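The values are calculated or read from the model by the stated rules, or taken from the named source; none is laboratory data. Predicted model, so just to flag it, every value in this text is computed and none were measured. When we count neighbours, we look across all protein chains shown, and the Cβ atoms used for this are built from the backbone with ideal geometry, even at glycine. Ligands, DNA and RNA are excluded from the accessible area calculation, which covers all protein heavy atoms including side chains. Shrake-Rupley method; radii C 1.70, N 1.55, O 1.52, S 1.80 Å.
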Amino acid sequence: MLTGIPNTSGSVEWQSPANIALVKYWGKRPVQWPMNPSLSFVLKESVVRIRMDYEIGADIDFHLRGFSLNGQDNEAFAGRIERYLSGLSTFFPFLRHARLSIHSHSSFPHSAGIASSAAAFSALALCVGSIEARMTGKEESGSEFLRKASFMARLGSGSACRSLWGGMVIWGHTKWVAGSSDDHGCRLDEGAVHEDFRQLNDAVLIVDSRTKKVSSSEGHALMHTHPFRKQRVEQAGHNMERILGALRSGHMDLFGEVMENEALSLHSLMMSSTPGYILMHPNTILMIDRIRSFRQRTHTPAYLTLDAGPNIHLIYPASHKEAVRGFIVEELSSLCEDGRWIDDRMGEGPVALG
Ligand code: DP6
């Protein structure tokens, strides 16, 4: 606990990944608590790197001096980030006396259609946590540090709280996982994940990289009055129970079945909202058909999921890489925007860079 505000300055830097949800977070309660538990894993290549330069002093008022993305000042993000960091001062009072400059770099290919907010907000939360740790002499790693960063990341973007760990991460309380919480993410124990699920690949098939017509935040809000709200909470609970069982026992088909059910249910919820909307494109549907028939024909365990957008994540064990790559090149890449897809895989979580 800090007593008084010391005069200090320095720089912290973190790299943090995007994550892909298998059981979806859709709908929230204030303040950014999930309507249902969700499960995801982080990616290896899709990361955001953030360096935060800070000056702290009793006579300084909170101020974001600048925010750049890939070397260019970015006014559009600066406002959201300034509001976020100013809100965190309830938990980190030193922020009220901080002058910050933030430089961020995203590894995501330009307009990849992958949400970078989970990577960005988890990296920001880690930077603030590191500044606090340096001021108090606490550790900048370990479970307590990561749990607090996850709590803070959640306040920026719900799914960001799942980007703090490698392996499978759950967010939202469920009786099936001890330590799971609505407040922050929680990594599943090694013993809860069969070795067949420890090296998954994710081919991100870019169908359309343009900004979505309806943002995730607007979609979450439509769940407040959704006619299937209660059923969705029940379904997510049931799917969580089933996927946790599949992960533990190594039941790949059940894992894939639940994942695809979650993706299609998410989009059905969008269609049955008031007003209803469709984020899938004709090529999304064509790809879904081709993926399912490839699986039936070849018995390759490759399954799809979708975030709140038209792009497909094709998830499969790394051991099937050759077969899946061949399939993508022959049957899917022609349906991708400019033939683009990203060859990503499960990562190990954030990395401290300085
Ligand atoms: C469909 O975390 O982007 O990707 O909390 O409003 O920032 P906010 O929403 P966000 O929602 C992600 C929704 C999803 C499913 C998921 O990642 O679980």
field: In Å², nearest 10: area of W26 left accessible to a 1.4 Å probe
entry: 10
message: Given Cβ point charges of +1 (Lys, Arg) and -1 (Asp, Glu) and nothing else, what value in debye, to the nearest 20, does the dipole of segment 196-345 about its Cα centre take?
response: 240
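Sort L22, L244 by accessible area with a 1.4 Å probe, largest first.
On the way: L22 0, L244 25 Å².
Output order, biggest surface exposure first: L244, L22.
Rank D53, D73, D208 by accessible area, highest first, at a 1.4 Å probe radius? Walk me through the numbers before you get to the answer.
Numbers: D53 40, D73 130, D208 15 Å².
If we order D53, D73, D208 from most to least accessible, we get D73, D53, D208.
With a probe of 1.4 Å, find how much accessible area segment 8-192 has per residue, and write the answer as a whole number in Å².
Working: 7360 Å² over 185 residues.
Accessible surface, normalised per residue, equals 40 Å².
If we count every other residue with Cβ under 13 angstrom of K321's Cβ, Lys/Arg +1 and Asp/Glu -1, where does the sum land?
Numbers: positive: R325, R345; negative: D202, E322, D343, D344.
Spelling it out: positives minus negatives among the neighbours equals -2.
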query: Given a 1.4 Å probe and every protein chain left where it sits, what share in percent of the accessible area of the chain is carbon and sulfur?
result: 50
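R0 = 22 Å: FRET efficiency of R325 with H238, Cβ-based, nearest 0.05? Before the final figure, lay out the partial values.
Values: r = 34 Å, r/R0 = 1.54.
Between R325 and H238 the formula returns 0.05.
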Total lysine pairs under 23 Å (Cα atoms) in the chain, excluding pairs fewer than 8 apart on one chain: 16
statement: At q = 0.17 Å⁻¹, the log10 of I(q)/I(0) for segment 114-227 from a Debye sum over equal Cα scatterers comes to -1.01
- prompt: Got a sec? Which residues in segment 2-41 would a label at R198 touch, if it sits 7 Å along Cα→Cβ and we count backbone N under 19 Å?
  reply: 40-41
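Of the trypsin sites (Lys or Arg not before Pro) in segment 154-211, which ones lie in a loop per DSSP and count no more than 14 other C-beta atoms within 10 Å?
On the way: sites: R154, R162, K175, R187, R198, R210; in loops: K175, R198, R210.
Of the trypsin sites (Lys or Arg not before Pro), the ones in loops of segment 154-211 whose Cβ has at most 14 other Cβ atoms within 10 Å are K175, R210.
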task: Set the Förster distance to 30 Å, then compute FRET efficiency between S143 and E45 from the Cβ-Cβ distance, nearest 0.05.
output: 0.70
query: If you roll a 1.4 Å probe over the heavy atoms of the protein chains, what accessible area per residue do you get for segment 196-345, in Å²?
result: 46
query: For I278 and R65, what is the calculated FRET efficiency with R₀ set at 45 Å and r taken between the beta-carbons, to the nearest 0.05?
result: 0.60
- line: Counting all Cα-Cα pairs in segment 1-98, those more than 22 Å apart amount in percent to 49
- request: Could you bin all the Cα-Cα distances of the chain into 20 Å bins starting at 0 and give me the percent of pairs in each, rounded to whole numbers?
  value: 30, 57, 12, 0
message: Given the C-alpha atoms of segment 36-151, compute the convex hull and give its volume per residue in Å³.
response: 130
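Expected output is a single nm value to one decimal: the length gained when fully extending between E257 and T211, i.e. 0.36 nm times separation in residues minus the C-alpha distance. What is it? Intermediate values should be presented prior to the final figure.
Values: separation 46, 0.36 × 46 = 16.56 nm, distance 2.89 nm.
Result for the pair: 13.7 nm of gain on full extension.
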message: Can you find, among I20, F151, L126, the residue sitting farthest towards the positive end of the charge dipole of segment 8-192, where Lys and Arg contribute +1 and Asp and Glu -1 at Cβ?
response: I20
message: Between helix 229-249 and the chain, what is the angle of the helix's C-alpha long axis to the longest principal axis, kept within 0 to 90° and rounded to the nearest 10?
response: 80
query: Taking Cα centroids, how far is segment 286-354 from segment 45-122 in Å?
result: 31
field: Whole-Hz ³J(HN,Hα) from phi, Karplus 6.51 cos²θ - 1.76 cosθ + 1.60, for segment 9-26, glycine and proline x
entry: 8, x, 8, 10, 8, 9, 10, 9, x, 6, 9, 10, 7, 9, 9, 8, 7, 8
query: For segment 58-67, in order, what is each residue's ³J(HN,Hα) by Karplus, 6.51 cos²θ - 1.76 cosθ + 1.60 with θ = phi - 60°, in whole Hz (x at glycine and Pro)?
result: 4, 9, 9, 9, 3, 7, 9, 6, x, 9
